[in-house]
Amino acid sequence: MASSVITLESTPTWAVAVVVFVLISISICIEHLLHLLAKYFNKSRRKYLIQALDKIKSELLQLGFISLLLTVGEKPIGNICIPKSIGETFLPCSDPSNDSPEEAKCEEQGMVSLLSRQGMKELQYLIFVLAFFHSLSCILTFGLGMAKQMRKWESWEAETRTLEYQFSNDPRRFLLIHQTSFARRHLRFWSEHRFLRWPACFLRQFYASVSKVDYFTLRHGFITAHFSEGSNFDFQKYIKRTLEKDFGVVVGISLWVWILSMLFIFLNAHGFYNYLWLPFIPLLMLLLVGTQLQGIITRMCLESQEKSQVVRGTFLVRPSDHFFWFGWPKLLLHIMHFILFQNSFQLAFFTWTWYKFGFRSCFHRKTEDIVIRLAMGVLVQVLCGYVTLPLYALVTQMGTSMKKVIFPEKVVEGLKRWRANARRNIALKNNYTSARPSLDNNTTSINTSPSFGASPSFNLNTSHCVKFDQPSSSEYLAVEVKDEGKANSANRETKDS
């Protein structure tokens, strides 16, 4: 005997109240945790992490709207009927089991629903799991992956302020280019041959992808290009701020990311055999990016060698956009975004199918499918966090122009206050200047006064001194009186309160 559907009419009110209370409590706890996290970032002046957190909040809001639309459109979409011949194309399984009931409207016409109600509910789970895995993948890659590397770079940055480092890199010392550690590392027999350089750079990314001599040389080239030589600029903190800003870009799910996710869902049809090639796309792209980044360092070394065979102090590389693909360093950020999203999609899809249909469902009937998806997902996550991302963080700073995060947050706030004060002072000056004609018109009655003898003329000369360290409440007005008859002038300053 089929069990009848229990609605709210036959459900105890206390049960409804308890469920609603638990849901609201969980929502309030999550909102409070996000608020505390934003408060901590604001206190520590992590502006770009606050922006990344705002993007995560907007994603949650967007997912809520998608869930609402799927719930509201469950019946209308289920009533959209298509022929059975079309409904049996591009199926994810070769022999699917259709246990979900069709809509009565479609069943009467001998057709099938475009998407059943059960399919709508399962789709909601997939979208939420995909967003969760994407955010988690970005946090693990940028957070845990760079934590160890940043501590190492911080110690290297502190070493640049020691007397030993300054003595070994004294600009009064001259060396041949092959005597430097950077040249010995990158100028080999394969460096000048493209077909040999690419395999060597491919292998180099797996061991000591960012060495100390690479960090010191690229740091010196960046500071020489954008600051004065010998500056105490903290290059490690600049890279850290850049990564925080890039994290805000990668953690977001833009329109093109949603389009790609729909494409990946379509490619999960049985006839494409996607488990044999789709999980390898993130790995291949990640290895290609790492090879390109290593190649950029070698090419910068070759270019410096062509210009001079003698090094003064430290090996000097010159940052330029032409080392990057299409002269666009930011392209690598979008590729990293795609890699992380595609990898998180593979893991999210596997988790969703395991939870909804079981471990040995029609999605994963073959053992090699399960092994390939899990192995590629974990491998890409580890390589991206510990190999490619540190290399990306360092090399992408070697573009022609520096990024806006070059200034610390306190300096940015000071510049904004200075700009606001300058605009306010200029506006006050313009107000005094525009008030001059009205004052000149009021001098008519004064000119006819017999107490002045001859008819004098008044010239209003507005002077305003912009001082950013003092309040602009006290302004001074200089008035010059000229007597045409006696050719006598007197200057008088009156304070305008």
>> So if I check each of 223, 297, 253, which one is within 20 Å of residue 402 (Cα to Cα) and in contact with an Asp or Glu (Cβ under 7 Å, 6 or more places away or on another chain)?
In response: 297
>> Residue under question is residue 161, and the condition is that it be open to solvent by 70 Å² or more (accessible area, probe 1.4 Å), at pLDDT below 85, in a loop (DSSP other than H, G, I, E, B) and assigned by the TED database to the domain that holds residue 350; does it hold?
In response: no
> Inside segment 120-149, can you point out the residues that are crowded, with 17+ Cβ neighbours inside 10 Å and within 17 Å of residue 212 (Cα to Cα)?
Replying inline: 146, 149
>> Against the definition (within 18 Å of residue 312 (Cα to Cα) and of a type in the set (D, E, K, R)), how does residue 173 come out, yes or no?
In response: yes
> With 84, 75 as the choices, which residue is in contact with a strand residue (DSSP E or B) (Cβ under 8 Å, 6 or more places away or on another chain), among the charged types (D, E, K, R) and closer than 22 Å to residue 105 by Cβ?
Replying inline: 84
> Among the residues of segment 221-241, which ones are of a type in the set (Val, Ile, Thr) and buried (at least 20 other Cβ atoms within 10 Å of the Cβ)?
Replying inline: 239
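Results for (1) among the aliphatic types (A, V, I, L, M); (2) open to solvent by less than 90 Å² (accessible area, probe 1.4 Å), shown as yes or no for each residue.
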| site | (1), (2) |
| --- | --- |
| 7 | no, yes |
| 16 | yes, yes |
| 21 | no, no |
| 34 | yes, yes |
| 43 | no, no |
| 50 | yes, yes |
| 69 | yes, no |
| 73 | no, yes |
| 85 | no, yes |
>> For segment 140-150, check the following and say yes or no: at least one residue is of a type in the set (A, V, I, L, M, F, W, C) and within 30 Å of residue 92 (Cβ to Cβ).
In response: yes
> Out of all the residues in segment 180-189, is one or more open to solvent by 30 Å² or more (accessible area, probe 1.4 Å), over 30 Å from residue 295 (Cβ atoms), of a type in the set (A, V, I, L, M, F, W, C) and at pLDDT below 85?
Replying inline: no
>> Take the conditions at pLDDT 80 or above and in contact with a Phe, Trp or Tyr (Cβ under 7 Å, 6 or more places away or on another chain) and apply them to residue 267. Does it pass?
In response: no
>> Please verify whether residue 202 is within 20 Å of residue 299 (Cβ to Cβ), surrounded by fewer than 17 Cβ atoms within 10 Å (Cβ to Cβ) and assigned by the TED database to the domain that holds residue 310, treating the condition exactly as stated.
In response: yes
> Across segment 297-332, what is the total count of residues that are hydrophobic (A, V, I, L, M, F, W, C), under 20 Å from the mean Cα position of the chain (by Cα) and surrounded by fewer than 17 Cβ atoms within 10 Å (Cβ to Cβ)?
Replying inline: 3
> in contact (Cβ under 8 Å) with a residue 40 or more places away in the chain, open to solvent by 40 Å² or more (accessible area, probe 1.4 Å), within 26 Å of the chain's Cα centre (by Cα) and not assigned by the TED database to the domain that holds residue 48 - does that describe any residue in segment 211-220?
Replying inline: no
>> of a type in the set (Asp, Glu) and more than 28 Å from the chain's Cα centre (by Cα): is that true of residue 192 in this structure?
In response: yes
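The values are calculated or read from the model by the stated rules, or taken from the named source; none is laboratory data. Just so it is clear, the model here is predicted, and its values are computed rather than measured. Note that each Cβ is placed from the backbone with ideal geometry, even for glycine, and that neighbours are counted across all protein chains shown. When the accessible area is computed, the model is the full protein with side chains, heavy atoms only, and any ligands, DNA or RNA have been set aside. Shrake-Rupley method; radii C 1.70, N 1.55, O 1.52, S 1.80 Å.
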